[in-house]
Protein chains: 2
Amino acid sequence: MINFETSPERYKHWKLGVAGAVATLTMDVQENETIADGYKLKLNSYDLGVDIELADAVQRLRFERPEVKAVVVTSLKPRIFCAGANIYMLGTSSHAFKVNFCKFTNETRCAIEDASANSGQKYVAALNGTASGGGYELAIACDEIFLVDDGNSAVSLPEVPLLGVLPGTGGLTRLVDKRKVRRDRADVFSTLAEGLKGKRAKDWGLIDGHFPTSKFQEAVAARVKEIAQADGANSKATGIKLNPLPVEASENGREYQYVSLKLNREQRTADLIVRGPAAGDLPASIEEIEKLGDAYWPLQAYRELDNALLHLRMNELEIGLVCVHTAGDIDAVLAADQTLVKHKDHWLVREIILHMARVLRRLDLTAKSFFALIEPGSCFAGNLLELALSADRTFMLNSPDEKVEVATSEFNAGILPMSNGLSRLQSRFLATPEQAEEVLAHEGRFDTEAADEAGLVTFAPDDLDWDDEIRVAIEERTSLSPDALTGMEASLRFAGPETMDTKIYGRLTAWQNWIFQRPNAVGPQGALTNYGKPTQPQFDYKRT
Amino acid sequence: MINFETSPERYKHWKLGVAGAVATLTMDVQENETIADGYKLKLNSYDLGVDIELADAVQRLRFERPEVKAVVVTSLKPRIFCAGANIYMLGTSSHAFKVNFCKFTNETRCAIEDASANSGQKYVAALNGTASGGGYELAIACDEIFLVDDGNSAVSLPEVPLLGVLPGTGGLTRLVDKRKVRRDRADVFSTLAEGLKGKRAKDWGLIDGHFPTSKFQEAVAARVKEIAQADGANSKATGIKLNPLPVEASENGREYQYVSLKLNREQRTADLIVRGPAAGDLPASIEEIEKLGDAYWPLQAYRELDNALLHLRMNELEIGLVCVHTAGDIDAVLAADQTLVKHKDHWLVREIILHMARVLRRLDLTAKSFFALIEPGSCFAGNLLELALSADRTFMLNSPDEKVEVATSEFNAGILPMSNGLSRLQSRFLATPEQAEEVLAHEGRFDTEAADEAGLVTFAPDDLDWDDEIRVAIEERTSLSPDALTGMEASLRFAGPETMDTKIYGRLTAWQNWIFQRPNAVGPQGALTNYGKPTQPQFDYKRT
């Protein structure tokens, strides 16, 4: 079982140091500390364990070290920055694992860009040696890239020429869409196993600067100092600590404080319950929020939700459908939203909201079906209404005897954007944008009929039909081809505009998934299978 | 060998009738007239042969019947409009064929939308019976959809529930991005094998209207009449005839009048040569152009190029790299461009330019590598410069003794958009849009140094290096994994904005290609394999 929780004192592969406004994340991968057997992490190559630590560090810097304005990513290994995802790990992994591994590493790189864009923490890749494959992909997730000029160190994407797969962690997309490298040069670079060095790498836009070995540290430090001295609101902020999540794991699920995950393995479904804040969970002032720290409901509940989603993805592959429930008091959820909105310019509240948005995007990008079930006692309101709007379908009980309601808040108006840059209401009502406005302008709560009328729910069965209708919908869903569902959901969830993120998850990932199961990559004579062996790959050269 | 040329008198599956401003395209698939063995085309299901006829009809209506303003697409079969792509054909086809088949049918549907958007020919799907799968995908490529209310006829996308694959001909994308169906409803519809009828189909936005059997013909005719009476410039235009292309096919290639395709099978490369217009090919007036008709250089050369590209895709799977050459007089190409621009508001010239744009998009979307070679005697100017800008790499000889030049025209300024909506110069210079402007503002031709300086070429080897450099580049390219190249090129060619077209070709297609080789679809127990058999599919339920 893969554990997604860690903390700096437990890191095996990274060192995180902070000096004033500058943090340094140093990669020093321990080759024997792998999360699976059968490979060694040589040359600062990485597996999922290495990336879980990186994701943790990026997250902690935002919450624990808000004074940091520049993060230097570098390596402790001489002449090597990072060799990318470990090839033997990829070669021995199942297709499903490879796909999930790439999705997680993509999310980590998008989190770096989110920290840069929204938290004022700029990332600088200080390439003290060669950055190849995923190593260069990590670099281009940073804001600036500096490469040492030692006559040897290069940046490269050798996946196509050496492995017959794509640089699948956003590399191709970021080349042409973020760094806007000319497409013919991107083509040359992406087929050149040895990569490019110094001046040509700079001329082609692959790096931002290069310095001889003797001046490298000093030159990078000077640039980082400039960045760290730029104006920023957090300079005097004091961070909060992210403590380990309270979780009780059992055979059939995971119990957190605000989240329960119940697995119905026979049905291949899970019930995911998110509980709203209790009355005592509702601080009003920034001081109280800071004091609560990671115990503050919006932060803790969403950290738990994030962990539950990752667990479902990686450790529970056979679970195909997640039924999403909420439990609690609608007014309490709305009160929490109101407090967050009121203080949204405070660094900590800003980080909490950004985190909620990232967790919901993680849900959007999870290759499982989601049905939201709105029943008496549920609290799909404001930020938790986003769970229903994220779901592939929403069922709301229509009962004359019981109170079943949903409600909106400012949190449904764009504060929690999807990967396509739209709010979930905007994505839902692409054909009738005025409907999104009407929903937001609605006074008070929506009962089932009002919610149905407003377009917020898919089906609104009554008491008599509810059990049967839900049961049949679940049975039907779980009987379908899991692959067809993954492709269908990836196509239907993200209508409207495209962004670099949606290109990475929708287009690049789909092509990589395709290639990851082609015999030319993973067959007995495929390039990935034969890498590092005396045998040469044999291709079926038919173009498809 | 698949032949992409046809004409109405040879159609087996469609009837094309024209009455005034209304054309009717009637589907009446002959079940035994298949292009391969092993299946029958029951229930108006289609194979590539059926779609080649449809593509031909759409094209001919634009050139031969410019007076047409409304095209009704319907069926001669009772109670069935179209059952979509034939499942047994898919089940018995190779992966490469399935992928190429879907790409072609997608291009046909995009051509329908191009005719509607740019040629004033609106398409109305008159569903006189059930439209399922590709049948409904054909309908949503039309502007309006009307369904008969006979208690039985429905629209449906049963691919996910019945076959374990996607509706891959744009269906999912057009559901949420063109018709903007609410995502949860799109989810329900796409998993409902029996589809939806009448009122609910209309309420959900899947169709535009429904009429009882007794009133169906009349109601559709009334709506079509309205469309046909709308203002349009072509009313009095007389079409030109699209005659069969002159082509001499041999073992090693195809010789057309303006295009030569030479296959180097051992090297798995092809030389594609496009010849510019000769002095006698340069009419100046509309009358002369109309008189030349399909013999007019820009139309004939691009029709030949289109045919050569389709031949390469479908009949020459092992050719991985196409070296693109041009031969002729730069001034003659620029003169042709000037004449076209001068008359671009005349319907025929407009159609010729739209056709050139479609052919170039076909090239952009071809899963082969393209290298453009600019040498003495070449004429990469104006519209033909787009061939170099479409290529993955461009090599231009730098010779002190010989004249090697390229030139721009208005044709490089947006008249021939890529699928992403940008010109090829805009796509090339995303990082520095001013460079695109500078190229267009440049006085006169570019010699090699000027072209290199302007960013128009990838490499500019001199006489001494040329042969070796080209040879090595070709050898390297053709040694790489063809699958990795396909994914890489699909990612690098289309930077910048996304459109419905790029979503269909980039995202939906990639997911479909992935699913098309998953054991859950095509394995011995897969859903596609087992369709119509007494055996049930057995899924590996791991979600990926």
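Let me check against my output: what whole-number percent is the relative contact order of the range A:75-134, with C-alpha pairs under 8 Å and at least 6 apart?
After rounding, I find 68 percent.
Quick check on the exposure proxy: order B:D306, B:D187 from fewest to most C-beta atoms within 10 angstrom.
Lowest count first: B:D306, B:D187.
Out of the GluC sites (Glu not before Pro) in the range A:273-330, which ones are loop residues according to DSSP with at most 10 other C-beta atoms within 10 Å?
Counting only loop positions with at most 10 other Cβ atoms within 10 Å, none of the GluC sites (Glu not before Pro) in the range A:273-330 qualifies.
Just for the protein assembly as shown, what percent of DSSP beta bridges are antiparallel, to the closest 5?
35
With only Lys, Arg, Asp and Glu charged, each at its Cβ (+1 for the first two, -1 for the last two), find how big the charge dipole of the range A:8-228 is about the Cα centre; round to the nearest 20 debye.
440
Restricting to the range A:8-228, compute how many DSSP beta bridges are antiparallel as a %, nearest 5.
Here the antiparallel bridges make up roughly 20 percent for the range A:8-228.
In whole percent, what relative contact order does the range B:8-228 give with Cα contacts below 8 Å and a gap of six or more residues?
Reported as a whole number, the value is 18 percent.
If each label sits 7 angstrom from Cα along the C-beta direction, how far apart, in nm, is B:D345 from its counterparts in the other copies?
Relative to the other copies, B:D345 has label-point distances of 5.3 nm.
Give the shape of the protein assembly as shown as rounded, prolate or oblate, defined through the alpha-carbon gyration tensor: a ≥ b ≥ c are the square roots of its eigenvalues, a/c under 1.5 means rounded, and otherwise the shape is prolate if a/b is larger than b/c and oblate if not.
It is oblate, given that a/c is not under 1.5 and a/b is not larger than b/c.
Mind checking the range A:392-495 for GluC sites (Glu not before Pro) that DSSP puts in a loop (not H, G, I, E or B) and that have at most 14 other Cβ atoms within 10 Å?
A:E402, A:E443
Going by a ≥ b ≥ c, the root eigenvalues of the Cα gyration tensor, does the range A:8-228 fall in the rounded group (a/c under 1.5), the prolate group (a/b larger than b/c) or the oblate group?
rounded
Just report the Cα centroid separation between the range B:285-337 and the range B:196-250, whole Å.
The distance from the Cα centre of the range B:285-337 to that of the range B:196-250 comes to 30 Å.
Take A:F429, B:F4 and order them by how many other Cβ atoms sit within 10 Å, fewest up front.
Taking fewest neighbouring Cβ atoms as first place, the list is B:F4, A:F429.
Calculated from DSSP H runs of 4 or more alone, at -39500 (n - 2.57) each and per residue, what is the 222 nm mean residue ellipticity of chain A, nearest 500?
-11500 deg cm²/dmol
By the gyration tensor of its Cα atoms, with a ≥ b ≥ c the square roots of the eigenvalues, what is the shape of the range A:188-258: rounded for a/c under 1.5, prolate for a/b over b/c, or oblate?
Judged from the Cα gyration tensor, the range A:188-258 comes out oblate (a/c at least 1.5, b/c at or above a/b).
Set the Förster radius R0 to 30 Å, insert the Cβ-Cβ distance between B:A117 and B:A19 as r into 1/(1 + (r/R0)^6), and round the FRET efficiency to 0.05.
Working from the Cβ atoms, E equals 0.80.
What is the order of B:V18, B:V322, fewest Cβ neighbours within 10 Å to most?
B:V18, B:V322
Given chain B, what percent of its DSSP beta bridges are antiparallel, to the nearest 5?
Taking every DSSP beta bridge with both residues in chain B, the antiparallel ones total about 35 percent.
Quick check on my link table: of B:K40/B:K533; A:K98/A:K262; A:K77/A:K122, which ones sit more than 18 Å apart, alpha carbon to alpha carbon?
Too far apart for the 18 Å limit: A:K98/A:K262; A:K77/A:K122.
Using the 7 Å Cα-to-Cβ label point, sort the distances from A:A278 to its equivalents in the other copies shortest first and give them in nm to one decimal.
Result for A:A278, in nm, nearest copy first: 9.2.
Looking only at other chains, what is the average number of their beta-carbon atoms within 10 angstrom of each beta-carbon in B:514-525?
5
Where the centre of each part is set by its Cα atoms, how far does the range B:46-65 sit from the range A:98-150, in angstrom?
Measuring centre to centre over Cα atoms gives 48 Å.
How long are the three semi-axes of the equivalent ellipsoid of chain A, in whole Å, if each is the root of 5 times an eigenvalue of the C-alpha gyration tensor, listed from largest down?
Semi-axes from the Cα gyration tensor: 40, 28, 21 Å.
Given contacts defined as C-alpha pairs under 8 Å and at least six residues apart, what's the relative contact order of chain B, whole-number percent?
12
With a Förster radius of 51 Å, plug the Cβ-Cβ distance of A:T238 and A:Q525 into 1/(1 + (r/R0)^6) and report the FRET value to the nearest 0.05.
Working from the Cβ atoms, E equals 0.30.
Any read-out appearing in this document is the output of simple, stated calculations on the displayed coordinates, not a laboratory observation. It should be emphasised that the depicted structure is a prediction, and the values quoted were computed from it without experimental measurement. Heads up, the Cβs are rebuilt from the backbone with ideal geometry, glycines too, and the neighbour counts pull from every protein chain shown.
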